[in-house]
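Since every read-out is calculated from the coordinates, none of them should be taken as a lab result. Predicted model only: the values in this text are computed from it and were never measured. Don't worry about glycine lacking a Cβ; one is built from the backbone with ideal geometry, like all the others, and counts go over all protein chains shown.
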Amino acid sequence: MKPPPVLPVLALTLFGLGCRNTEPVAPKASEPFPVSVQTRTAAEGEAIPTIHASPGAGSITIRVTRRAMCATLVSAAVSRGVDEIDVVSQVSADPTANCAPILAREVVDYAGTVRALSAGTYRVRVFEGEGDRTPEFIGTVSVTVPSPAA
């Protein structure tokens with residue numbers, strides 16, 4: 001009996017490796033993350049989406065800027081890890097709103113604050129799903145929470 005050819009198996013293995021998605025997968029996030037939502041016009045040349053993280057005393061305020069939808073609704077939760085905060089959000093249009101067409105430069109900022117953090121550097125990752133779609137990775141930032149003032 002002749003052994004199977006190695007070349008097709010090697011090609012299949014290499015092809016399979018090339019098809020793997022290297023993007024992080026949204027974790028299970030069960031800690032509620034209340035956010036405020038504000039609609040505005042994007043600044044000229046402003047990158048969308050954008051993630052901002054600002055440290056405070058034992059906290060990080062996270063703001064995400066994205067394209068607006070009709071009366072944009074956002075629900076979000078947080079998953080905490082060692083030196084890591086993951087925000088998982090679902091964004092949708094309000095089905096009860098009666099909206100005019102959304103202008104291309106119209107964006108929303110949604111923001112919330114994660115509290116009870118120790119001093120140190122944190123990696124903040126944001127995952128966002130539109131409507132009922134699975135949240136996808138949209139970006140990461142690093143932020144340092146300062147030690148409390150003595």
Nearest-0.05 FRET efficiency for L103 and S36 at R0 = 22 Å, using Cβ-Cβ distance, is 0.55
The chain: C-alpha pair distances exceeding 25 Å, %: 42
Given charges of +1 on the Cβ of Lys and Arg and -1 on the Cβ of Asp and Glu, with all other atoms neutral, how large is the dipole of the chain about its Cα centre, in debye to the nearest 20? 340
What residue among V126, T41, L103 has its Cα farthest toward the positive end of the dipole of the chain, where the charges are +1 on Lys, Arg and -1 on Asp, Glu, each on the Cβ? V126
